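A short write-up of the structure that comes next.
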Amino acid sequence: MSEQSSDDSSDSSFATIDDDQKYPPTSSNGLLSKYIIHLDVDCFYCQCEEILNPSLSSLPVAIGQKHIIVTCNYVARGMGVQKLQKKVDALLSCPTLTIIDGSDLEHYRDASRMIYTA
């Protein structure tokens, strides 16, 4: 298998075999036989907490570990809270912020497994 050089004017996004067979391999119906799916679950820890307590979805919520905010929901972001911000600074930005301790990751790991097995 040879890879086309980047200075070649033809499609260089695929490696080729014998110039007539392109990769990634396709099935008999012309569709890809392998798929790669990228899931970017933004503010995942907050979403896990909102599933457990739906009333949190309308409130500014952040997940804290040690002295920082590791993530926050969109309501909190709209009020100036940022990821990796010190908790003290986050509370200055948003005095009504609910900070949930996220030190125990087991609940988040369980929810993550559910995504990948779905």
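The values are calculated or read from the model by the stated rules, or taken from the named source; none is laboratory data. In this text, all values refer to a predicted model and were calculated from it rather than measured experimentally. Here the Cβ is made from the backbone with ideal geometry for all residues, glycine too, and neighbour counts use every protein chain on show. These area figures cover heavy atoms from the full protein model, side chains too; ligands, DNA and RNA do not enter into them. Shrake-Rupley method; radii C 1.70, N 1.55, O 1.52, S 1.80 Å.
The table for this structure:
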| read-out | value |
| --- | --- |
| Pair list, Cβ under 9 Å, 6 or more apart: the range 88-112 residue within 17 Å of ASN53 (Cβ to Cβ), other residue part of a loop (DSSP other than H, G, I, E, B) and open to solvent by 80 Å² or more (accessible area, probe 1.4 Å) | THR96/MET79; LEU97/MET79 |
| Per-region count, the range 38-76, residues at pLDDT 95 or above, part of a loop (DSSP other than H, G, I, E, B), open to solvent by less than 50 Å² (accessible area, probe 1.4 Å) and closer than 16 Å to ALA111 by Cα | 0 |
| Check on SER33, loosely packed, with under 10 Cβ neighbours inside 10 Å, modelled with pLDDT under 95, of a type in the set (Gly, Ala, Ser) and on the phi < 0 side of the Ramachandran plot | no |
| Qualifying residue in the range 77-100 (condition: open to solvent by 50 Å² or more (accessible area, probe 1.4 Å), in a loop (DSSP other than H, G, I, E, B) and of a type in the set (Val, Ile, Thr)) | yes |
